[in-house]
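S.K.: Below is a structure I'd like to ask you about.
The values are calculated or read from the model by the stated rules, or taken from the named source; none is laboratory data. Predicted model, so just to flag it, every value in this text is computed and none were measured. Virtual Cβ from ideal backbone geometry, glycine too; neighbours counted across all protein chains shown. Ligands, DNA and RNA are excluded from the accessible area calculation, which covers all protein heavy atoms including side chains. Shrake-Rupley method; radii C 1.70, N 1.55, O 1.52, S 1.80 Å.
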Amino acid sequence: MKIMSCLSSNFKFAFLASTVIWITVMSSSLASVDASNVTTIGTGSVTYDRRSLIINGQRKLLISASIHYPRSVPAMWPGLVRLAKEGGVDVIETYVFWNGHEPSPGNYYFGGRFDLVKFCKIVQQAGMYMILRIGPFVAAEWNFGGLPVWLHYVPGTTFRTDSEPFKYHMQKFMTYTVNLMKRERLFASQGGPIILSQAKNEYGNYENAYGEGGKRYALWAAKMALSQNTGVPWIMCQQYDAPDPVIDTCNSFYCDQFKPISPNKPKIWTENWPGWFKTFGARDPHRPAEDVAYSVARFFQKGGSVQNYYMYHGGTNFGRTAGGPFITTSYDYDAPIDEYGLARFPKWGHLKELHKVIKSCEHALLNNDPTLLSLGPLQEADVYEDASGACAAFLANMDDKNDKVVQFRHVSYHLPAWSVSILPDCKNVAFNTAKVGCQTSIVNMAPIDLHPTASSPKRDIKSLQWEVFKETAGVWGVADFTKNGFVDHINTTKDATDYLWYTTSIFVHAEEDFLRNRGTAMLFVESKGHTMHVFINKKLQASASGNGTVPQFKFGTPIALKAGKNEIALLSMTVGLQTAGAFYEWIGAGPTSVKVAGFKSGIVDLTASAWTYKIGLQGEHLRIQKSYNLNSKIWAPTSQPPKQQPLTWYKAVVDAPPGNEPVALDMIHMGKGMAWLNGQEIGRYWPRRTSKYEKCVTQCDYRGKFNPDKCVTGCGQPTQRWYHVPRSWFKPSGNVLIIFEETGGDPSQIRFSMRKVSGACGHLSEDHPSFDVENLQGSEIEKDKNRPTLRLKCPTNTNISSVKFASFGNPNGTCGSYMLGDCHDPNSASLVEKVCLNQNECALEMSSSNFNMQLCPSTVKKLAVEVNCS
């Protein structure tokens, strides 16, 4: 997610005189790149001028994709990188996650999901570049913004300002990371893939809050980064005073109007958000493929040279890595590659076609200045042309309501509202951002039958042998401490756990009216966040929480008290720590006020009473989710797992699901808690429902500027029902599934599901740009005209098994709900079946040899097809 940030405009080259400078700022001329003017370091060079990065003497127009290595698993990395490359991506971008790599001071970890070197080498082996955003602050909806919690407790430390302890540890970690990359020869200056590095992250919007200390820190961070001598340029995103030679860059939904501070720096977009993140209890945001493509086309139309999708693959916030607070375990982000590693059609396919067309314009774009032509009040063209004959044009319609017909070089062009047409030869439209010609995949979460046997071929998780461990509500074992009043939750747990018990007691006389009248008292609680369960005399009475917008909450609930002593136990929980904002590390959590009403004497205020504290759960202390404790006697066998039991650990042994499709846990029938497989942390689960009274859309209008509330779905539904379990975590058999349930659910209803592509749809009009973008060459544009072709493809090892819908004419509707129009070729279905049935993929050319092109002569004809895959 992106908040904004980058340093001081008067900070010039001379300030860095003591630093080894590796940047050659090129002449303002775009005529050519003279290799003799490029500073070469080691076996490669990366420089820049005002138009682009220059790698080994060649200008580069680059499409980049954010893939965060710890948000997937090493077994997925090669496939993700390969799918990005297939989608037309040149560069893989990632943050470096400090709190994952230095869990305690001076103890570094670069293994497992955090094996950054392995990830970089996979990118290198794919023949791609890398952008390494070392930060080390990342935001990214990641716990504590990526900074280690222990750092907050180093005396004298204030994050992200001129604080000596903070700067010391920041430089120490950055230097360690850079040296690790150097040792593995991963910078481009050493022949490696890393072409850019980033220092700091999105600091510009918060720098003023820190006053002069913020300005000093920003300048220090730039100087420190440059002193690392990586041999590649450094960037700072959203940094409005980035000093030379650091490149300031843009993060936003749209960056076409962005201009770097210096006219000698290239226009780089470090974060184009193709979707948005989710928080528990909130709606599901989606950004249409047409609008993402529009933003990219406009950026390159207006002189951009490097564009990065944040995210291209969002992945999963495994374990307790999600921040926010309230960020979901899924970090799918509506990205071109979904959380499970599957291409999201049509978004992935539409952008792939866009990338191919933009790349075909690379020479014209990077070696010429554009000529801007007005084509109407909200219509314009940018033309890149030189004497050699190279010519590329972008025709934009910025009207967000109306299609327009414009005249360009004496030819009429139809521009849909809020769209850009790209003409690689300044004559023929090869791509329009609003016209999606690739298929839409139909994706389902299919339940898996576990343990099939001869006697029970469809045995499910309900039939498994369960074991349980029951937590005690309140203090277990020996209390950690007792104190009058409340302590801050985060300062007490140091984020070693989500859980902190606050317990006290209250005495009730038998003469109280609410006892004599069989009534109840009322408990009133105020909290800084994030969630809480209330137990009275060991029984769950109520739960309450904040949300992703306002983590603080207050609530009142009736409670059942008895005559005599009553124990009040509050289980306070965090749901990820704050990820960004000025002085965000000081934001706390936990109760601030507890009162009980209903007594004859009036309200009883327990806020300043003696409270006894216990950090974490007993099961966490015993590490019962770890492999070496799976056979411990603390587990109690049960024939049926108990239902609706709070504070309960469940264990079951399962076989690996069949097939090779991605796997998830369906937790719709559970409450809230954590899950593990074979000791690996799946993450927090919470099928918290959104309000059914909120506004959602059934179909999104791509036209007009996007915001996260524009195209939301899921009203009245759980924000997250399924939780990704990587295939590589499974053994063939004997897999141990551990669930900790906080409030009560029905574990017999837990299911594994497979994410399956069950079909595909396509919708194409006869005026769709029809060039073969797989083989687009300038000389071939004319001969490839007038052959719009709809391509459908099923997953590997499956074929098109049936045709669910087919119509050539004027069908309407969307994928999954196509309907015949009043113009329809009755041979449509038979033709599609002839070409596609029992094929893994097929191509349906809209030509007279296939369809009745004379049908409905006054209508722009369309082809709509939906097929099943099996």
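S.K.: Taking 10 °C and 1.306 mPa s as the conditions, I'd like the Stokes-Einstein D for the range 143-187 in µm²/s, using the Kirkwood hydrodynamic radius from alpha carbon pairs.
M.R.: D, rounded to a whole number, is 136 µm²/s.
S.K.: While we're on this one: Which value, in nm² and rounded to one decimal, describes the direction-averaged projected area of the C-alpha convex hull of the range 166-318?
M.R.: Over every viewing direction, the Cα hull of the range 166-318 projects on average to 11.4 nm².
S.K.: Any idea how far the Cα center of the range 42-87 sits from the one of the range 826-870, in Å?
M.R.: What the calculation gives is 38 Å, centre to centre.
S.K.: Another one. Where does each of 668-681, 817-830 land if you order them by average Cβ count within 10 Å, highest first?
M.R.: 668-681, 817-830
S.K.: Per residue of the range 543-554, what does 6.51 cos²θ - 1.76 cosθ + 1.60 with θ = phi - 60° give for ³J(HN,Hα)? Whole Hz please, x for Gly and Pro, Karplus curve as stated.
M.R.: In residue order, the calculated couplings are 9, 8, 7, x, 8, x, 8, 10, x, 6, 7, 9 Hz.
S.K.: If we count every other residue with Cβ under 13 angstrom of K302's Cβ, Lys/Arg +1 and Asp/Glu -1, where does the sum land?
M.R.: Every neighbour counted, the sum reads 0.
S.K.: I've got another one for you. Given N residues in the range 43-94, what is Rg(Cα) / (2.2 N^0.38 Å)?
M.R.: Cα-based Rg divided by the globular estimate yields 1.38.
S.K.: Still on this structure, I have one more. Could you tell me how many cubic angstrom of Cα convex hull volume the chain has per residue?
M.R.: Per-residue hull volume (Cα only) is 191 Å³.
S.K.: Under a 1.4 angstrom probe, counting protein chains only, how are I67, I615 ranked by accessible area, largest first?
M.R.: Largest accessible area first, the list is I615, I67.
S.K.: Could you pull the accessible area for M76 with a 1.4 Å probe, rounded to 10 Å²?
M.R.: Approximately 30 Å² of M76 is accessible to the 1.4 Å probe.
S.K.: So which aspartates and glutamates pass the test for K200, namely a Cα distance under 18 Å, with those fewer than 8 places away in the same chain ruled out?
M.R.: The reachable aspartates and glutamates, counting only those whose Cα sits under 18 Å from K200, are E93, E102, E141, D162, E164, E212, D241, D244, D248, E271, E585.
S.K.: Take every Cα-Cα distance within the range 101-168, group them into 5 Å bins from 0 onward, and report for each bin the whole-number percent of pairs it holds.
M.R.: 3, 14, 19, 24, 17, 11, 7, 4, 1, 0
S.K.: Quick one: Kirkwood hydrodynamic radius for the range 463-511, alpha-carbon pairs, angstrom, one decimal?
M.R.: Hydrodynamic radius (Kirkwood, Cα pairs) of the range 463-511 is 14.3 Å.
S.K.: Put one equal scatterer on each alpha carbon of the range 696-739, apply the Debye formula with no solvent term, and list log10 I(q)/I(0) at q = 0.15, 0.16, 0.27 1/Å to two decimals.
M.R.: -0.63, -0.66, -1.06
S.K.: When ligands, DNA and RNA are left out and all protein chains stay put, how many square angstrom of accessible area per residue does the chain have with a 1.4 Å probe?
M.R.: So the chain comes to 38 Å² accessible per residue, rounded to a whole number.
S.K.: Another question about this same structure. Which trypsin sites (Lys or Arg not before Pro) from the range 306-414 combine a DSSP loop assignment with at most 11 other Cβ atoms within 10 Å?
M.R.: Loop-located and lightly packed - K401.
S.K.: Now, a different point. Just the Cα atoms of the range 790-870, one point each, no solvent: what log10 I(q)/I(0) does Debye give at q = 0.13 Å⁻¹?
M.R.: With one equal scatterer per Cα and no solvent, log10 I(q)/I(0) is -0.38.
S.K.: On the first, second and third principal axes, largest extent first, how far apart are the outermost C-alpha atoms of the range 667-751 in Å?
M.R.: Sorted from largest, the Cα extents of the range 667-751 read 52, 29, 16 Å.
S.K.: I've got another one for you. For the range 167-213 and the range 309-385, what is the centre-to-centre distance using only Cα atoms, to the nearest Å?
M.R.: 25
S.K.: Also: What percent of all Cα-Cα pairs in the range 241-302 falls into each 5 Å bin, going from 0 up to the bin containing the maximum distance?
M.R.: 4, 17, 21, 18, 14, 10, 9, 4, 2, 0
S.K.: Which ³J(HN,Hα) values, rounded to whole Hz and listed in residue order, are derived for the range 837-852 from phi using the Karplus coefficients 6.51, -1.76 and 1.60 in 6.51 cos²θ - 1.76 cosθ + 1.60 with θ = phi - 60°, glycine and proline given as x?
M.R.: Coupling constants for the range 837-852: 4, 6, 10, 5, 8, 8, 10, 10, 7, 7, 9, 5, 6, 10, 10, 7 Hz.
S.K.: Going highest first, how would you order 743-752, 234-243, 367-376 by mean Cβ packing within 10 Å?
M.R.: 234-243, 743-752, 367-376
S.K.: Between the helical axis of 211-226 and the dominant principal axis of the chain, each derived from Cα atoms, what acute angle in degrees is found, rounded to the nearest 10?
M.R.: Roughly 60 degrees between the two axes.
S.K.: While we're looking at this one, here's another question. Could you please state how large a percent of the accessible area of the chain is carbon and sulfur, counting protein chains only and using a 1.4 Å probe?
M.R.: 49
S.K.: Excluding ligands and nucleic acids, what accessible area in Å² is computed for V178 using a 1.4 Å probe, to the nearest 10?
M.R.: Answer for V178: close to 0 Å² accessible.
S.K.: Can you pull the Rg over Rh of the range 298-443, Cα-only, Kirkwood?
M.R.: Reported Rg/Rh, Kirkwood definition of Rh: 1.07.
S.K.: Quick check on the chain: helices-only [θ] at 222 nm, where DSSP H runs of length 4 and up contribute -39,500 (n - 2.57) each and the sum goes over total residues. Nearest 500, please.
M.R.: -4000 deg cm²/dmol
S.K.: Further question on the same structure: Quick one: plug the Kirkwood hydrodynamic radius of the range 456-573 (C-alpha pairs) into Stokes-Einstein at 10 °C, 1.306 mPa s, and report D in µm²/s.
M.R.: Diffusion coefficient, whole number: 95 µm²/s.
S.K.: Can I ask one more? Would you mind putting 287-297, 793-803 in packing order, based on average other-beta-carbon counts within 10 Å, highest first?
M.R.: 287-297, 793-803
S.K.: How much of the DSSP bridge set in the range 64-190 is antiparallel, in percent, rounded to the nearest 5?
M.R.: Once the DSSP bridges in the range 64-190 are tallied, antiparallel ones form about 10 percent.
S.K.: Using each residue's phi in the range 261-272, evaluate 6.51 cos²θ - 1.76 cosθ + 1.60 at θ = phi - 60° and report the 3J(HN,Hα) Karplus result to the nearest Hz, with x for Gly and Pro.
M.R.: Result, ordered by residue: 4, 9, x, 9, 10, x, 8, 10, 10, 7, 9, 9 Hz.
S.K.: In 5 Å bins starting at 0, how do the alpha-carbon pair distances of the range 636-685 split up by percent?
M.R.: Reading the bins upward from 0: 4, 13, 25, 26, 21, 7, 4.
S.K.: Moving on to the next point. Compute the signed sum of charges (Lys and Arg +1, Asp and Glu -1) over the other residues within less than 14 Å, Cβ to Cβ, of I624.
M.R.: Its environment carries a net charge of 0.
S.K.: How big is the range 495-535 on each of its three principal axes, counting only the C-alpha atoms and giving the largest first in Å?
M.R.: Result for the range 495-535: principal-axis Cα extents of 44, 15, 13 Å.
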